[in-house]
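Here is the structure we will look at.
The values are calculated or read from the model by the stated rules, or taken from the named source; none is laboratory data. These numbers were taken from a predicted model, which means no experiment stands behind them. Positions of Cβ are generated from backbone atoms using ideal geometry, with glycine treated the same way; all protein chains shown enter the neighbour counts.
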């Protein structure tokens, strides 16, 4: 039950970012890029310094490599075939979707539904990653949940600004992200059931979590943060890696 609470708060943390932007307005670019870089650094640190070594210890080098590649591959498949949204520096919604998937650029309601679907689907493997960590130890599960939460909060900040500017009501933005966030604890439940098969499977699942998080960092966090402000993005990432190495 405690693990599901971690997962729930990690999932809804995107909505926390939305609440912050509703209350305080859009953060400046330097702060946003630093927060994104910091979240990416924490995720890299947990993956490299905790999950991968523990995966080899619990399972084997082979199961670790397979699990890592599988985690990254699943995130790549979701990127390629599941419609979702990225944000550009010009604050327009930039659609990255399956072939022949069309959406009107000026339809913020349609874009909001697209974001709901995309975030929800992408939150599922994040929940699996938390479940993988919990299967090894509560501490691992909490660390992964924290890393995902730190990633989701600035993501909510980056996402809410353009939608709010485009005329979508704040309560709808909040509702979209809140519902999508519930997919994270669902993924955790699935992971807790699925990853009980064998110790080798647990080891592979930890590497799966690492692969999924590293892919998110490389594919989404770093490009977005660098697009906003590369120097502050680097500062945030270095700080996140060092903090994760020292305290997590």
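A few comments on the model shown:
- Test: residue in the range 164-174 that is under 20 Å from the mean Cα position of the chain (by Cα) and modelled with pLDDT of 70 or more: yes
- Some residue of the range 239-248 being within 20 Å of the chain's Cα centre (by Cα), at pLDDT below 85, over 15 Å from residue 125 (Cβ atoms) and not in a helix (DSSP H, G or I): yes
- Among the residues of the range 59-70, some residue qualifies, meaning at least one is at pLDDT 75 or above and not in a helix (DSSP H, G or I).
- The set of residues in the range 125-139 being in a helix (DSSP H, G or I) and either at pLDDT below 80 or crowded, with 21+ Cβ neighbours inside 10 Å (or both) consists of 125, 126, 127, 128, 129, 130, 131, 132, 133, 134, 135, 136.
- Within the option set 202, 148, being modelled with pLDDT of 80 or more and assigned to a helix (DSSP H, G or I) holds for one residue only, 148.
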